[in-house]
Amino acid sequence: MYLIFTILFLSGTLFIASPTLAAVKIEYLPPSPTQQIEHQWLTQQPINALFTSLSDDHFRFSQAVTLQYGSDDGPLYDPEHHQIQIPYEFISHTRSALSQLDDGADFDSQQAAVDSLLHTLLHEAGHAFIVDQDIAILGKEEDAADHFAAIIMLNYLPQGDIALLNAGNLFALESEQKPQFYDFGEYMIPIVIRK
């Protein structure tokens with residue numbers, strides 16, 4: 001019941017936005033010499049155009065949100081600055097981790113890296129949208145942000161189901177390699193809510 005309510009609640013809010021609202025601003029912090037590869041890879045991908053297009057069409061912000069690459073922390077949404085922060089190291093980690101699954105046939109690690117980054121951007125945009133639109137969340141905000149990303153990917157991307165599965169591969173790898181990577185308290189629903 002909780003999951004269904006969250007999805008329906010978020011689904012209903014995705015279409016409230018007015019076309020006159022603010023857009024997404026993209027910002028690249030200067031990369032260090034060791035971060036040049038990630039910076040170059042990012043500039044060659046259609047990820048920013050896709051992300052801004054999805055925002056323009058489906059979840060416009062009332063205040064412009066900045067997508068900042070090259071931050072020290074993250075990935076995260078900083079509500080104080082209304083900013084999504086993505087470190088170059090996260091991109092490097094994502095590409096490296098997913099390359100382990102590349103079998104040369106059915107799995108394209110480069111596309112999986114793009115899909116994983118897009119899911120991360122949409123997840124953080126979910127946090128930003130919740131704050132921007134002052135949406136009340138009954139339950140865990142992490143779950144709501146995950147649902148937001150999944151709804152957008154499944155409903156508005158060609159082959160969004162495959163893109164979402166590609167992003168899931170990254171989570172599976174992280175949980176295998178670092179069982180303590182996630183703070184499960186952020187993701188567990190208290191028994192009181194489940195009843």
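The values are calculated or read from the model by the stated rules, or taken from the named source; none is laboratory data. Note that the coordinates shown come from a computational prediction; the quantities given were computed from them, not determined experimentally. Here Cβ is always computed from backbone atoms with ideal geometry, including for glycine, and neighbour counts include all displayed protein chains.
Some observations on this one:
- The stretch 11-42: number of residues that are modelled with pLDDT of 50 or more and not charged (D, E, K, R): 20
- Looking across Ile130, Ile84, one residue alone is under 20 Å from Leu154 (Cα atoms), buried (at least 20 other Cβ atoms within 10 Å of the Cβ) and β-branched (Val, Ile, Thr). It is Ile130.
- Qualifying position, being in a strand (DSSP E or B) and under 24 Å from Phe148 (Cα atoms), among Gln85, Gln111: Gln85
Per-residue answers, yes or no, for (1) part of a loop (DSSP other than H, G, I, E, B); (2) surrounded by 19 or more Cβ atoms within 10 Å (Cβ to Cβ); (3) touching a Gly at 6+ places or on another chain (Cβ under 9 Å); (4) among the small types (Gly, Ala, Ser):
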residue	(1), (2), (3), (4)
Pro31	yes, no, yes, no
Glu38	no, yes, yes, no
Leu42	no, yes, no, no
Thr52	no, no, no, no
Asp72	yes, no, no, no
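The rows are residues; the columns are (1) within 15 Å of Ala125 (Cβ to Cβ); (2) more than 13 Å from the chain's Cα centre (by Cα).
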| position | (1), (2) |
| --- | --- |
| Leu50 | yes, no |
| Ser55 | yes, no |
| Ser62 | yes, yes |
| Gly74 | yes, no |
| Tyr77 | yes, no |
| Gln85 | yes, no |
| Glu89 | no, yes |
| Arg95 | no, yes |
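- Residue within the stretch 94-109 that is crowded, with 19+ Cβ neighbours inside 10 Å, among the aliphatic types (A, V, I, L, M) and modelled with pLDDT of 95 or more present: no
- The stretch 69-92 residues that are on the phi < 0 side of the Ramachandran plot, paired with ones that are buried (at least 21 other Cβ atoms within 10 Å of the Cβ) and assigned to a loop (DSSP other than H, G, I, E, B) (beta carbon under 8 Å, 6 or more apart): Ile86/Gly70; Pro87/Gly70; Tyr88/Gly70
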